[in-house]
Amino acid sequence: MTHDIARHLWRAGQWDAALRQLPDDPAGATLRAEMVVDRHLWRLDPPDEAVAAIKAIECDEPERAALLTAQLEYWRQFLSLGGTPLGGDPVAAFAALAGHDPLAGWAVFWHAVTLDNLRHDAEGAAAGYERARTLAVAADDLLLESYAVRHLGGQAVQNGDAAPGLALLRRSLHLRAAIGARPHTAAAQAALADALGEVPEAAGLRAIAAATAQELGLTWLKADA
């Protein structure tokens, strides 16, 4: 029960409250590592706590630790955060994890993201996003599906396929709202607004996303909004 409460708070962007709910057991240590990494990806707080939490699960869960470390290093590179590298090549790290259940879907997704944003391989990324969507649907993982379709929608809009692209971006938004993932919903609102262009709906979406980003301290999303 405590773990479930922590997960609900985590999805709502209440990381500190979620962390206070975690018991001192192996499942709690795993959730702590996932939460503090996720908090860093949204708030850009110092990564030290995330690095320490990952080290605490390395022996028992090496693959999950590798996935989380690769996320930190990807974000460091993508946002040009500077500082000491937090891991090796994230492209290779995610590719190596793509066959490890139950992490395969997220590893495939993150590998596609790194191909997209670090290697500028849009074709390879698109194939990865499609594979991640297939795995998400099979696992009934609505959050993963929301990420896959958000990126597929963004690619479609960029390629001139506005109608199907916007439909995918709206599905991403609806999926995130359905599971109470507030930071992710705000990011989906901002992405949809960017795709819509300068129309009243976009202005409204940006205002809502900015309010959520301010409330939850979503550093990079506040800057985008």
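The values are calculated or read from the model by the stated rules, or taken from the named source; none is laboratory data. These numbers come from a predicted model, not from an experiment. Neighbour counts run over all protein chains shown; Cβ positions are idealised from the backbone, glycine included. Accessible surface areas use protein heavy atoms only, side chains included; no ligands, DNA or RNA. Shrake-Rupley method; radii C 1.70, N 1.55, O 1.52, S 1.80 Å.
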Given (1) touching a helix residue (DSSP H, G or I) at 6+ places or on another chain (Cβ under 6 Å); (2) buried (at least 20 other Cβ atoms within 10 Å of the Cβ), number of the condition Val113 does not satisfy: (1)
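Residue-by-condition table, conditions (1) in contact with a Pro (Cβ under 8 Å, 6 or more places away or on another chain); (2) under 22 Å from Arg43 (Cα atoms); (3) outside any loop (DSSP other than H, G, I, E, B):
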| site | (1), (2), (3) |
| --- | --- |
| Gln71 | yes, yes, yes |
| Pro85 | no, yes, no |
| Pro102 | no, no, no |
| Phe109 | no, yes, yes |
| Asp116 | no, no, yes |
| Arg131 | no, no, yes |
Residue in the stretch 147-166 that is surrounded by the most Cβ atoms within 10 Å (Cβ to Cβ), counting only those that are farther than 22 Å from Gly105 by Cβ and either of a type in the set (A, V, I, L, M, F, W, C) or touching a Pro at 6+ places or on another chain (Cβ under 7 Å) (or both): Val157
Odd one out for Leu81 among (1) open to solvent by 50 Å² or more (accessible area, probe 1.4 Å); (2) assigned to a helix (DSSP H, G or I): (2)
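If you scan the stretch 167-205, which residues turn out to be of a type outside the set (A, V, I, L, M, F, W, C), open to solvent by less than 60 Å² (accessible area, probe 1.4 Å) and either closer than 21 Å to Leu41 by Cβ or in contact with a strand residue (DSSP E or B) (Cβ under 8 Å, 6 or more places away or on another chain) (or both)? Lay out the reasoning, then the answer.
Step one: of the stretch 167-205, the residues of a type outside the set (A, V, I, L, M, F, W, C) are 170-172, 174, 176, 180, 182-185, 189, 194, 197-198, 200-201, 204.
Filter again for open to solvent by less than 60 Å² (accessible area, probe 1.4 Å), leaving 172, 176, 180, 183-185, 189, 197, 204.
Those that are of a type outside the set (A, V, I, L, M, F, W, C), open to solvent by less than 60 Å² (accessible area, probe 1.4 Å) and either closer than 21 Å to Leu41 by Cβ or in contact with a strand residue (DSSP E or B) (Cβ under 8 Å, 6 or more places away or on another chain) (or both): Ser172, Arg176, Gly180, Pro183, His184, Thr185, Gln189.
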Any hit, the stretch 22-31, residues being surrounded by fewer than 21 Cβ atoms within 10 Å (Cβ to Cβ), in contact with a Cys (Cβ under 9 Å, 6 or more places away or on another chain), at pLDDT 95 or above and part of a helix (DSSP H, G or I): no
